[in-house]
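The values are calculated or read from the model by the stated rules, or taken from the named source; none is laboratory data. Please read all numbers here as calculations on a predicted model, not as lab measurements. Cβ sites come from the backbone with ideal geometry, for glycine too, and all protein chains shown count toward neighbours.
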Amino acid sequence: MLVSTVAPMAKLPGPLVGPAEIQAMLGVGRSRARQIINQRNFPEPYQTLIGGSVWVRAEVEAWIKKHRQPRPPVSDDEDEPG
């Protein structure tokens, strides 16, 4: 009889996001996203891997809602003279 020595995976707290996803969520460039991620009040990473850190999406969304001003939507007709 074979007995598995692999520990069962822990249940994830929800979808995870990396720096590129956070950058897109914030609508900022890579350098600005890194500055924001390094702020003391930004959520702690869920886990840090060889390829980088990952965060719980819901925690990042809650932080954005609390700390970032909403940006007005960009309309297609802004480039046209009025």
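Structure data summary
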read-out	value
Residue list for the stretch 47-70, restricted to those being assigned to a strand (DSSP E or B), hydrophobic (A, V, I, L, M, F, W, C) and either at pLDDT below 95 or out of contact with any helix residue (DSSP H, G or I) (no Cβ under 8 Å at 6 or more places or on another chain) (or both)	49, 54, 56
Unmet requirement for residue 31, which otherwise passes all of (1) surrounded by 10 or more Cβ atoms within 10 Å (Cβ to Cβ); (2) more than 14 Å from residue 64 (Cα to Cα); (3) at pLDDT 95 or above	(1)
Selection within the stretch 37-63 - touching a residue at least 12 places away in the same chain (Cβ under 8 Å) and of a type in the set (Val, Ile, Thr)	37, 54, 56, 60
